[in-house]
Number of protein chains: 2
Amino acid sequence: MPKLYADLNPPPRILMGPGPVDADPRVLNAMSMPLLGQFDPCFTGYMNEVMDLYRQVFKTKNHWAILVDGTARSATEACLSSVIEPGDTVLVPIFGRFGHLMKEISERAGGEVVTIETDWGTVFPQERIIAAIAEHRPKVVPLVHGDTSTTMAQPMDAVGPACRDHGALLYVDATATLGGMDVDVDGWHIDAVSAGLQKCMSGPPGSAPATFNERVVEVVERRKHVEEGIRPEGFEAGAGPTITSNYLDLPQLIGYWSTERLNHHTEATSMLYAARECARLALGEGLQARFERHRLTSRAMVAGLTAMGLELYGDLAHKMDNVTGVVIPEGVDGHAVRAAMLDDFGIEIGTSFGPLHGRVWRIGTMGYTCRKENALKCLGALEATLLQQGFKLPAGQGVAQALAVYREAEM
Amino acid sequence: MPKLYADLNPPPRILMGPGPVDADPRVLNAMSMPLLGQFDPCFTGYMNEVMDLYRQVFKTKNHWAILVDGTARSATEACLSSVIEPGDTVLVPIFGRFGHLMKEISERAGGEVVTIETDWGTVFPQERIIAAIAEHRPKVVPLVHGDTSTTMAQPMDAVGPACRDHGALLYVDATATLGGMDVDVDGWHIDAVSAGLQKCMSGPPGSAPATFNERVVEVVERRKHVEEGIRPEGFEAGAGPTITSNYLDLPQLIGYWSTERLNHHTEATSMLYAARECARLALGEGLQARFERHRLTSRAMVAGLTAMGLELYGDLAHKMDNVTGVVIPEGVDGHAVRAAMLDDFGIEIGTSFGPLHGRVWRIGTMGYTCRKENALKCLGALEATLLQQGFKLPAGQGVAQALAVYREAEM
C-alpha cells in the first residue's frame, strides 16, 4: 500500500524571519488559477505584462525585465555566469554572507575574484568600493544591496557611475530589498539586478525577477549558443565562450522572453502568475508608500526593542528597513526563545549565519508581513518569552514605544 | 501612474498539447496554502514526506529523492553537470529533440560527447545502445525515456544492467513519462532520473523531482564545495573539480535535503506543496491504475484519429501512452487548425520541433487531462475543424471508434 501522508495543513504562522515571509493572500489566489499553454496568446501576453510590470518595479527603461524560474540565487547565477568569462577580473565587496555567495558564483564561472571586506554589521563607504574599481579595473562588480545576514543596506548610488567610468558592469543582488526599499536601477546606473518574491514582494520563493540593460546584452549575446533541435534556421553561435549552464543561460532566456519565443524551457506558469500579482500589488500600493511603510515599521521595531533593553545589531544608520538584528542578551538561550516564539505564539523569527549564528536574532518586517499589528504582536510575544527566560526588562515598554511611533506617524 | 494591467483571468482551456497540461484542482488548491519558514519543523517534515512520496513514485529504495527548484531541465542539468567532469566520455543516444538537449548539457559540462542517432519517429533497439556502451566505455549515459518531440518511448530495461557491467552511470530524463508510464528506477537499474510536474504528474511546471543512488552520490560528493559564510565548521572541500553551477550543485542540494539542512537556497514553498500533492494524487490513484488510464486513452485516441482517416506519426509499437503524433494531411494548414481548435473549442494541441515543425500535431492526454471526455471532445473538435478546412473524412467515425474502445474496456 502506498504511504500518502496527511492532507497539507500548514499551521498558522506569522513569518517574521529573514524570508520567506507571509505571502499576500491575493498572490496565493493567483497561483490557484488554471494553467495555460506556454505559447497560448493569453500566456505570452501575461509574459509581456510581467516584463512591463517589473520594469516599473525596478524603475528602469530596460527592455529586458524577465523571470528566472528558480529561487533568488538562480537569477544571480544567470546574470553573473552569463557575463563572467574564464579569466575575467571580478571585484566583490563583501559585507555579509551574500557577498560570499557573489564570490562563490563568480569563481565557479571562472572569474579571477578580488574581494574587499568590511566588518559584518557595517557597510562600505562608497569611495572605498570606487577606489577598488579604479585599482583593479574589474569587468564585473557584483554587489549585494541588502544583506539579510547582517541586516545592512549598502549605499550604491555612486558605484554605478564609477563602474561606467572604468568600463565595469555593476550587478546588484536586490533579493532582500526589492519592494521594500528603493532600488533605483536607472538612477543608480545598475547594469543588471535580480531579486526574489519571498521577501518584500510578498510572494513565495521560486521565481526570480531580473532586469539588465543593453551593455549586458552586448556581452552575453556574443556567447549565445542554442542546441540542435530548437536552433532556428541559419542560427550562428556567438564567438564568445559558451555559457556553462544551459538552464541559466541569459541569451537563451532572452530568446524565450522575446517575440522569437525560443523554446528554451517551459515557463513556470503558476509562479509567473504569482510574480505578476506581486508586482501589481506593489505598484498598486505605490512604491514610495510601500517604502514608507517599511521605514515606519522599522522605526517602530527599533523603538520597541530598544525600550525592552535589547541591544540592536550593527550600524543602525545603514540598517535595512525590513529586517532588524537583535544581539541575543548574555544568559539568554537564543534558540529556546525562537522555539517558544514559534510554539507559543506562532511567530517565526530567525537567527543568522556563520559568525552571527546563535549571537543575533533577525526579525523581518517584510512585504505583506510588514504591518503594525504584526510588529506589536512580535514585540509582545518577545517580551513574554524573555520574561519566561528570566531576562529582566521593563514590562510593557516595548509595545508602548512601538505604538508611540505609529501614533505619531498617524497624526 | 503605474500601469497595473487587468486582474489575472486565464481563459478556460483544455490543455492537450505536449505540456503543461491542466493541473489537478487539488494541486492548485495546495498552492494557495499559507507559506511556512524553510526551517519550520512542519516544513522540514513536509520535505521529508516529499522525499518518501517520490521514492514511491519513482519505485526506488534510493535515499535521495528531492526536488530541484526549477523546470524539468534544471534537474537534468543538476544531475548531469554534477556528475560529468571535464573530459569525461558521455554517450548520448538521440531519437528526438530532448536527446539533443542531453548532448548540449553534457557538452557544456565539459563532457566528450559521443552520440548515436536513430530516425525521428523510431527508438533504438536496446542492443544498439548496449553495443555503443561497450564500444565507447562512457562514464555517463544520458537517456530520454519519452521524447515528446517524436512521441516515442525508449525501452531501457536492459540498458541499466549494461551500464553496470561497463562501469557507466545511467541518467534518465523521465519528464514526459513519470506518472503516466512505468518508470521502474530500481528494476531497470537507473542511477539518476528526473522529471517535471507539468505532464503526467498533473501539476504546474517549476519543480523538478529527481532521485539518484549511492553510485551517483559517491561521484558527486568528491566535488562538494560550500561557500564561505555557510560552510560548516571543519568542512573540507572534495578533491574533485568544483561543479560550475552553484544553484544546480547536487552535493549542496543533498546537504539542503539532509538533516544537516545546509542553507543552500530557500526552498520554493508553494511549488513544494504542489509537488507533494501531485505525488499523493498519483499514489492515491495507484501507479498501475494510472498507467492503465493513460494506455486506455492512448488506444482510444489512436482508434479515433485513425478512423478519421488521419495518419499517425512514428513507430506505433513504441508510442508513448500519453501523447499521440498526427501527420498533418497534405493541403491542411496545420497552424490554422490549431488556432481554430483553441479559439472555437478552447482546446490546445501542439505542433513539434525542428524537422517536425508544422508537419506533425501532438495531442497530449496526460495526467489530469487524460480523461475520456477530453479525448472525445478533442476528437469531435478536430473533426469539425478539419471539415471546416475542406478535409474529407467520414464524419462521426472518430468519436464513435474512440468511444467503442472505452465501452469495450468498461465491459
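Since every read-out is calculated from the coordinates, none of them should be taken as a lab result. None of the values given here were measured: they were computed from a predicted structure. Note that we place each Cβ from the backbone using ideal geometry, even for glycine, and neighbour counts take in every protein chain shown.
Per-structure values
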| read-out | value |
| --- | --- |
| Separation in nanometres of the label points that stand 7 Å from Cα toward Cβ, at residue A:317 and residue B:327 | 7.8 |
| Copy-to-copy label separations for residue B:119, where each label sits 7 Å from Cα toward Cβ, in nm and ascending | 7.5 |
| Charge context of residue B:75, other residues only, Cβ under 11 angstrom, K/R +1, D/E -1 | -2 |
| Average beta-carbon neighbours from other chains, 10 Å sphere, peptide B:13-24 | 4 |
| 5 angstrom amide H check on residue A:112, placed H, neighbours 5+ away | A:87, A:88, A:89, A:90 |
| Bridge type composition, the protein assembly as shown - antiparallel percent by DSSP, nearest 5 | 50 |
| Two-site FRET efficiency, residue B:295 against residue A:236, from Cβ-Cβ distance with R₀ of 45 Å, rounded to 0.05 | 0.55 |
| The range B:143-178 and the range A:375-397: distance between their alpha carbon centers, rounded to Å | 59 |
| Value of [θ]222 nm, deg cm²/dmol, for chain A, DSSP H segments ≥ 4, -39500 (n - 2.57) each, nearest 500 | -12500 deg cm²/dmol |
| Alpha carbon centroid spacing (whole Å) that separates the range A:246-262 from the range A:8-41 | 26 |
| Residues whose placed amide H lies under 5 Å from that of residue A:14, excluding near-sequence neighbours | A:347, A:348 |
| FRET efficiency, 1/(1 + (r/R0)^6) with R0 25 Å, evaluated for residue B:343 and residue B:404 via beta carbons | 0.25 |
| Theoretical FRET efficiency, 1/(1+(r/R0)^6), r = Cβ-Cβ of residue A:261 and residue B:186, R0 30 Å, to 0.05 | 0.15 |
| Residue A:131 versus residue B:387: modelled label distance in nm, points set 7 Å from Cα along the beta carbon direction | 8.3 |
| Per-residue ³J(HN,Hα) for the range B:289-300, Karplus 6.51 cos²θ - 1.76 cosθ + 1.60, θ = phi - 60°, Hz, x for Gly and Pro | 4, 5, 4, 4, 4, 5, 5, 4, 5, 4, 5, 5 |
| Inter-chain Cβ neighbour average for residues B:277-284, partner chain, 10 Å | 3 |
| Longest DSSP-loop-exposure-free segment, GluC sites (Glu not before Pro), chain B, at most 16 other Cβ within 10 Å | B:1-227 |
| Net charge over other residues, Cβ less than 12 angstrom from the Cβ of residue A:18 (K, R count +1; D, E count -1) | +1 |
| Ranking of A:201, B:47 by count of other Cβ atoms within 10 Å, fewest first | B:47, A:201 |
| Shielding score for A:234-247, defined as the mean number of other chain Cβ atoms within 10 Å | 4 |
| Vicinal HN-Hα couplings computed from phi for the range B:33-41 (Karplus, 6.51 cos²θ - 1.76 cosθ + 1.60; Hz; Gly/Pro x) | 6, x, 6, 10, x, 5, 10, 4, x |
| Position residue A:309, label points 7 Å along Cα→Cβ, spacing to each other copy in nm (shortest first, one decimal) | 9.2 |
| Label point 7 Å beyond Cα along the C-beta direction, distances from residue A:48 to other copies (nm, shortest first) | 5.0 |
| Tilt relative to chain B, helix B:97-108 - C-alpha long axis, 0 to 90 degrees, to 10 | 20 |
| Rounded to 10°, Cα long-axis angle of helix A:372-388 versus longest principal axis of chain A | 50 |
| Amide hydrogen neighbours beyond the local backbone of residue A:94, cut-off 5 Å, H modeled | A:116, A:117, A:118 |
